[in-house]
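So the structure is just underneath, and the comments pick up after that.
The values are calculated or read from the model by the stated rules, or taken from the named source; none is laboratory data. Remember, predicted model here, so these are calculated numbers, not experimental data. For neighbour counting, all protein chains shown are included, and Cβ atoms are generated from backbone atoms with ideal geometry for every residue, glycine included. When the accessible area is computed, the model is the full protein with side chains, heavy atoms only, and any ligands, DNA or RNA have been set aside. Shrake-Rupley method; radii C 1.70, N 1.55, O 1.52, S 1.80 Å.
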Amino acid sequence: ADTACKNRPLDLVFIVDSSRSVRPEEFEKVKTFLSEMIDTLDVGERTTRVAVMNYASTVKVEFPLRTYFDKASMKEAVSRIEPLSAGTMTGLAIQTAMDEVFTEEMGTRPATSNIPKVVIVVTDGRPQDQVQEVAASARTAGIEIYAVGVDRADMQSLRIMASEPLDEHVFYVETYGVIEKLTSRFRETFCAVNVCALGTHSCQQVCVSNGASYLCDCYQGYTLNPDERTCSAVDMCAPGRHECDQICVSNNGSYVCDCYEGYTLNPDKKTCSAMDMCAPGRHDCAQVCLSNDGSYSCDCYEGYTLNPDKKTCSADVCAPGRHDCEQVCVRNELFYSCVCHQGYTL
């Protein structure tokens, strides 16, 4: 459940009534409720910050949002809270929350952080001051108000305080003895359901949580198909997608570079350099190898001619000093014959 449901970050302020009508044993129940609520929250400096205010005819900030960022310290501070006894100045408590608690100096995060400001008021009576205007002012300032009424609480006053929609922001329990039942209600209210963690999604590769829903995404080198669930490998060798100098080879959503014959891949794994095709063992020329921009051709030493296979060489029997013709030597396969210039006879 912890992985599937994690409360969204909040700046959360509890305002609890400790007027004379709340008996000591009932106030202990309120403190237990606060501790159990803290247990359900994702408490931390970067997640949910919690403040607790205690009120009767006066208001006491037990601890602001900046004081505790761990559950143990927070619950220890809650256990030490003492009731104030007289009066029910709910409007004053909400006004004090705006003036002294929801400030950056006291730990409220700036508006640019988009962290919701939330108040939970717990009371068993009717406010003895004007709460309507103060609550309206708080709501206008972006503070979301939940009103929890217990036993003799005035339902009309709760509805005047709370944010809309009222059926989601006004709670009532018969006695302090059952106030803990609200813990699970608030847990659901503040829960940001991580559908991806529940494993109920249909994404082939990547699930991205999106509020109470989800979106599918793909690994690098893949693109989401029109069904918005499955993925296909992107042709990374399409023009403009790769940096290969000569040959791009698609490789499961990625690519590698290669070179044409006669070229070798440089250390940058992208560009190619012409190989020396005339290096020993790289060619099949019988005598002379001529390098030619990544390729080669064969030639022969002086006195030899290249055979039709363009690789091997044969001795030129008509080369000077190789024959005994007086005038003209005519090569004929491996032999030769002598002829004369015009005007002469053999």
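Annotations
- A single member of Gly253, Gly294 is open to solvent by less than 50 Å² (accessible area, probe 1.4 Å), within 30 Å of Cys218 (Cα to Cα) and modelled with pLDDT under 90, and it is Gly253.
- Test: Gln156 is without any contact (Cβ under 8 Å) to a residue 40 or more places away in the chain, outside any helix (DSSP H, G or I) and surrounded by fewer than 22 Cβ atoms within 10 Å (Cβ to Cβ): no
- Condition check for Arg46: part of a loop (DSSP other than H, G, I, E, B), among the basic types (Lys, Arg), in the same structural domain as Ile143 (by the TED database) and over 23 Å from Ser163 (Cα atoms): yes
- Residue match in the stretch 41-48 (condition: open to solvent by 10 Å² or more (accessible area, probe 1.4 Å), modelled with pLDDT of 90 or more and under 22 Å from Ile143 (Cα atoms)): no
- Which listed residue is under 20 Å from Thr67 (Cβ atoms) and either open to solvent by 50 Å² or more (accessible area, probe 1.4 Å) or out of contact with any Asp or Glu (no Cβ under 9 Å at 6 or more places or on another chain) (or both), from Glu164, Glu168, Glu100, Glu144: Glu100
- Subset of the stretch 48-68 [under 28 Å from the mean Cα position of the chain (by Cα) and free of Cβ contacts under 8 Å to residues at least 40 places away in the same chain]: Val50
Yes/no per residue for (1) modelled with pLDDT of 75 or more; (2) surrounded by fewer than 15 Cβ atoms within 10 Å (Cβ to Cβ); (3) out of contact with any strand residue (DSSP E or B) (no Cβ under 7 Å at 6 or more places or on another chain):
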position: Pro280; (1), (2), (3): yes, yes, yes
position: His283; (1), (2), (3): yes, no, no
position: Gln287; (1), (2), (3): yes, yes, no
position: Asn307; (1), (2), (3): yes, yes, no
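- When Lys75, Lys71, Lys29 are screened for being open to solvent by 60 Å² or more (accessible area, probe 1.4 Å), in contact with a strand residue (DSSP E or B) (Cβ under 8 Å, 6 or more places away or on another chain) and either over 17 Å from Gly125 (Cβ atoms) or touching a residue at least 60 places away in the same chain (Cβ under 8 Å) (or both), only Lys71 passes.
- Selection status of Leu34, in a strand (DSSP E or B) and either open to solvent by less than 50 Å² (accessible area, probe 1.4 Å) or of a type in the set (A, V, I, L, M, F, W, C) (or both): no
- Checked against the criteria, Ile81 counts as assigned by the TED database to the domain that holds Thr175, part of a loop (DSSP other than H, G, I, E, B) and of a type in the set (A, V, I, L, M).
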